[in-house]
Amino acid sequence: MALPKVDAAFAPANLDAIVGPTRIPRMSRSPDHIIRPAILALSAYHVPPASGMVKLDAMENPYSLPPGVRDEIARLAADAPINRYPDASGAALKAALRESLAIPPGLEIMLGNGSDEIIQIIALACAKPGATLMGVEPSFVMFRMIATFAGMDYVGVPLNADFSLNLDATLEAIARRQPAVIFIAYPNNPTGNLFDDEAISRIIEAAPGVVVVDEAYHAFADASFMDRLAQHPNLLLMRTLSKQGLAGLRLGLLLGRPEWLIQLEKVRLPYNVGVVTQLIAEKVLKHRDILLQQAAAIKCERAVISQRLAAMESVDAFPTDANFILFRVNEAGQVFQSLKKRGVLIKNLDGSHPLLKNCLRVTVGTPEENILFLAALQASLPQSNAKFGANG
Ligand SMILES: *Cc1c(COP(=O)(O)O)cnc(C)c1O
């Protein structure tokens, strides 16, 4: 990676001149000596360039909002008081969320700059020395990364080969490691499946700390733990608007009992959700019918792609309740590169976890994008294995 340009005064040649008079040995000022070893050991979250590509790598909603709603947003943005700090409590937006998501009374809401920030708030609040954050693997990589940022120990319990929860192993790990926090994505990313809800309940009951059920893909699944919040005092529920068409706005939310959220609110930076995000999210939530229609269209297309993938001989597509599909091919790396050459960007998961060997993940796009993806995939599969190969 190229280093950013630095001012001439800070170029290495002059560094001794700057460092010299203070008598601080030069090396002690280097990042290697100052940054925590756990951070030095990390590799940065990689976001590949996608300009000009059919972008099916990041679980974005491919649809934009109708012109009328966009006009309303334009007026809101024009009149937004951006010279003022945002409402730190997000009261109007929370009221809109309460109605739109049918949040039961008695539960509190905490807003985050995306749900990524909420994961970070929870980890920061729970990071006692030696505290453990637990997840299952493979799952959302941010659970592990943010545990590291916060200085927590991380434990990832492997899923079964079919990506179901290994309940015995998870309960055993809970008993042994006594995790302060457990994150479970429902549906799971990158596998797309919903875990058995009774198994999750067993985990919540066995947990000595808090369990966060991450429902980032709720819009595409017909299941939720919302109803179980009343039953489990150590359960928190996380949602986001990102996968529903508002990824660029950055809004996530956490639902839970007041006794938890009062404490977590102390860690939330007061102005974490901007004026424009609050206004636009509130407006779009009033058009819930549009979001629901778009999610329905994505679910229809998901079925179409799944069917087409199932018909390809050398492709093994996994069941999904999210807006993406995980599938296994021969030579995933080559297939991924070939798709990229053909202008289609998906996610290569090969090498990220042993259970994801030769796995690729495609986000459901518009019907046109999906046709392009399927054609490019067909053309990218190793010829000898493709059902519709040379003769098809
Ligand atoms: C995408 C994703 C998130 C993060 O979404 P935000 O854009 O930060 O709200 C959280 N959890 C899972 C499982 C995800 O896939």
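Structure values in brief
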read-out: Residue satisfying condition, being over 17 Å from the mean Cα position of the chain (by Cα), open to solvent by less than 40 Å² (accessible area, probe 1.4 Å) and more than 16 Å from the ligand (Cβ to nearest atom), within set Glu282, Glu301; value: Glu301
read-out: Members of the stretch 211-225 that are touching a His at 6+ places or on another chain (Cβ under 9 Å) and not small (Gly, Ala, Ser); value: Val211, Phe225
read-out: Residue list for the stretch 76-88, restricted to those being open to solvent by 60 Å² or more (accessible area, probe 1.4 Å) and under 11 Å from Tyr271 (Cβ atoms); value: Arg84, Tyr85, Asp87
read-out: One residue from Ser380, Ser306, Ser352 being open to solvent by 70 Å² or more (accessible area, probe 1.4 Å), hydroxyl-bearing (Ser, Thr, Tyr) and at pLDDT 95 or above; value: Ser352
read-out: Any chance Ile182 is out of contact with any Phe, Trp or Tyr (no Cβ under 9 Å at 6 or more places or on another chain) and within 16 Å of the ligand (Cβ to nearest atom); value: yes
read-out: Subset of the stretch 107-121 that is within 16 Å of the ligand (Cβ to nearest atom) and closer than 17 Å to Leu229 by Cα - its residue that is surrounded by the fewest Cβ atoms within 10 Å (Cβ to Cβ); value: Ile109
read-out: Set Pro129, Pro104: member being farther than 15 Å from Val210 by Cα, open to solvent by 20 Å² or more (accessible area, probe 1.4 Å) and modelled with pLDDT under 95; value: Pro104
read-out: Pick from the stretch 221-262, criterion under 10 Å from Met110 (Cβ atoms) and open to solvent by 10 Å² or more (accessible area, probe 1.4 Å), ranking: nearest to the chain's Cα centre (by Cα); value: Trp260
read-out: Residue match in the stretch 323-331 (condition: under 19 Å from Pro62 (Cα atoms) and free of Cβ contacts under 8 Å to residues at least 24 places away in the same chain); value: no
read-out: Near pairs, Cβ below 8 angstrom, 6+ apart or cross-chain, from the stretch 225-252 (away from the ligand (no atom under 16 Å from the Cβ)) to any residue that is open to solvent by 30 Å² or more (accessible area, probe 1.4 Å) and in a helix (DSSP H, G or I); value: His232/Glu205; Leu235/Arg228
read-out: The listed residue being within 15 Å of the ligand (Cβ to nearest atom) and over 18 Å from the mean Cα position of the chain (by Cα), out of Arg202, Arg288, Arg268; value: Arg268
read-out: Flag for Pro31 being more than 30 Å from Arg288 (Cα to Cα), over 18 Å from the mean Cα position of the chain (by Cα) and either at pLDDT below 90 or of a type in the set (S, T, N, Q) (or both); value: no
read-out: Count of the stretch 317-349 residues which are assigned to a loop (DSSP other than H, G, I, E, B), open to solvent by 10 Å² or more (accessible area, probe 1.4 Å) and not charged (D, E, K, R); value: 6
read-out: Index of the failed condition, Gly156 passing every other in (1) away from the ligand (no atom under 16 Å from the Cβ); (2) within 21 Å of Ile122 (Cβ to Cβ); (3) of a type in the set (Gly, Ala, Ser); value: (1)
read-out: Contacts under 9 angstrom Cβ, first residue in the stretch 116-128 being under 17 Å from Leu251 (Cβ atoms) and in contact (Cβ under 8 Å) with a residue 24 or more places away in the chain, partner outside any helix (DSSP H, G or I) and among the polar types (S, T, N, Q), 6 or more apart; value: Asp116/Thr240; Glu117/Asn272; Ile118/Thr240; Ile121/Asn272
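The values are calculated or read from the model by the stated rules, or taken from the named source; none is laboratory data. Note that the structure is predicted; figures quoted are calculated from it, not measured. For neighbour counting, all protein chains shown are included, and Cβ atoms are generated from backbone atoms with ideal geometry for every residue, glycine included. The area values use the complete protein model at the heavy-atom level, side chains included, leaving out ligands, DNA and RNA. Shrake-Rupley method; radii C 1.70, N 1.55, O 1.52, S 1.80 Å.
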